[in-house]
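Below is one structure, written out as structure tokens; the observations come after it.
The values are calculated or read from the model by the stated rules, or taken from the named source; none is laboratory data. Remember, it's a predicted structure, so these values are computed and weren't measured experimentally. Positions of Cβ are backbone-derived with ideal geometry, glycine not excepted, and every protein chain shown enters the neighbour counts. Note: accessible area is taken over every heavy atom of the protein model, side chains too, but ligands, DNA and RNA are not part of it. Shrake-Rupley method; radii C 1.70, N 1.55, O 1.52, S 1.80 Å.
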Amino acid sequence: MKQGLVLEGGALRGLFSVGVMDVLMEHNVRFDGAIGVSAGASFGCNYKSGQIGRVLRYNKRFAKDWRYCSVRSFITTGELFGGEFCFHTFPTQLDLFDDEAFDSNPMEFYVVCTDVETGKAHYQKLMHSDWDSAEWIRASSSMPLAAKIIEMGGHKYMDGGITDSIPLKYFLDLGYEKNLVILTQPLGFEKKQTSLFPLIKWKYRAYPEFVDAIANRPNMYNDTLRLVSEEVEKGRALVVSPPATLPINHVSHNPDLMQEVYEIGRKTADENLERILTYLQR
């Protein structure tokens, strides 16, 4: 029976998921596959490489570095989170990503992107760590207004959370019959349309299908939450989520706050560890 790990995005709310994942790795919990969206992709790849502590470390280390995330980065590169710096410079030079461990781990790893021209979700399997895989993760994490459109293979991509924020159904369709779903919003959360939608509509007016997908995002997200609940009842999913709204926004330059969100994830994982292990029959 294939077991999967499903990781929601949420920018720095994803540090909650990192806390959960580090506890699971410390207990040698393995999955046949993992799928991440946005921050779930950029942080989740460290599960395949087995790098406990790395995500928190580099977020805290570069929290106040303008190249990582700043208005200056946006003005000079067109990206709030500097794409070249975040996805190419520091994983290869400053806080090394373990390419060999990633490549040798048989766990399947998928990321979700949104095709800007069709407004549809695109699922990309990544089994080897290289420049292209980093670009796919970058595309999955490229939030509208805050990042550039990423071109791969003749197609244009952005944030996967626009079209499939919690890709449980995709993993079920692939034959993953037991899935641990890590959310970054508490149970009972209901998504509403962003107040920036008029600006998004103008900015991406050349891509009407993409704009329609963003307009439909709250409905998609809330429908997906209902699907997750149904799959929990069927035994095909187990959810781990924050006990309350996390005390961090998409962007933060406060290392102490990053640590706090990470510790909430660790505490939640510790409190649910027996339930997780029982579900996975470890």
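If Q124 passes every condition in (1) over 28 Å from K267 (Cβ atoms); (2) open to solvent by less than 60 Å² (accessible area, probe 1.4 Å); (3) touching a residue at least 60 places away in the same chain (Cβ under 8 Å) but one, which one does it miss?
Every listed condition holds for Q124 apart from (3).
Quick check: anything in the stretch 10-33 on the phi > 0 side of the Ramachandran plot and touching a residue at least 24 places away in the same chain (Cβ under 8 Å)?
Yes, the stretch 10-33 contains a residue that is on the phi > 0 side of the Ramachandran plot and touching a residue at least 24 places away in the same chain (Cβ under 8 Å).
Scan (1) closer than 19 Å to A39 by Cβ; (2) more than 18 Å from the chain's Cα centre (by Cα) for the single condition N249 breaks and write down its number.
(2)
Looking only at the stretch 232-277, how many residues end up being among the hydrophobic types (A, V, I, L, M, F, W, C) and free of Cβ contacts under 8 Å to residues at least 12 places away in the same chain?
Looking only at that region, the number is 2.
Taking the stretch 200-214 as the search range and keeping residues that are touching a helix residue (DSSP H, G or I) at 6+ places or on another chain (Cβ under 7 Å) and open to solvent by less than 90 Å² (accessible area, probe 1.4 Å), which one is farthest from G10 (Cα to Cα)?
Y204
Would you point out which residue out of T224, T268 is closer than 28 Å to G119 by Cβ, open to solvent by less than 40 Å² (accessible area, probe 1.4 Å) and of a type outside the set (A, V, I, L, M)?
T224
What pairs come out if I take residues in the stretch 212-231 that are closer than 15 Å to Q193 by Cβ and pair them with residues that are open to solvent by less than 20 Å² (accessible area, probe 1.4 Å) and among the β-branched types (V, I, T) whose C-beta lies under 6 Å away, six or more apart or interchain?
A213/I162; I214/I162; I214/I200; R217/I162
Restricting attention to the stretch 169-199, which residues are closer than 17 Å to G40 by Cβ, in contact with a helix residue (DSSP H, G or I) (Cβ under 7 Å, 6 or more places away or on another chain) and open to solvent by 30 Å² or more (accessible area, probe 1.4 Å)?
K169, K191
Among the numbered criteria (1) open to solvent by 10 Å² or more (accessible area, probe 1.4 Å); (2) assigned to a helix (DSSP H, G or I); (3) over 25 Å from Q185 (Cβ atoms), which single criterion is violated by R13?
(3)
Take residues that are within 24 Å of Y279 (Cβ to Cβ) and in contact with a Leu (Cβ under 8 Å, 6 or more places away or on another chain) and tell me which of the strands (runs of 3 or more DSSP E) falling wholly in the stretch 104-193 contain 2 or more.
Passing ranges, in order: 108-115, 176-182.
Just for the stretch 86-106: of the residues that are under 22 Å from G161 (Cβ atoms) and of a type in the set (A, V, I, L, M, F, W, C), which one is least open to solvent (accessible area, probe 1.4 Å)?
Filtering the stretch 86-106 for residues that are under 22 Å from G161 (Cβ atoms) and of a type in the set (A, V, I, L, M, F, W, C), the one least open to solvent (accessible area, probe 1.4 Å) comes out as C86.
Based on this model, can you work out whether D65 counts as open to solvent by 10 Å² or more (accessible area, probe 1.4 Å), more than 25 Å from K2 (Cβ to Cβ) and of a type in the set (D, E)?
Yes.
Mind telling me which of the residues D115, D103, D32 ends up being over 19 Å from the mean Cα position of the chain (by Cα) and of a type outside the set (S, T, N, Q)?
Unique residue meeting the criteria: D103.
Determine which single condition S165 fails, assuming it passes every other condition in (1) buried (at least 24 other Cβ atoms within 10 Å of the Cβ); (2) farther than 18 Å from F43 by Cβ.
(2)
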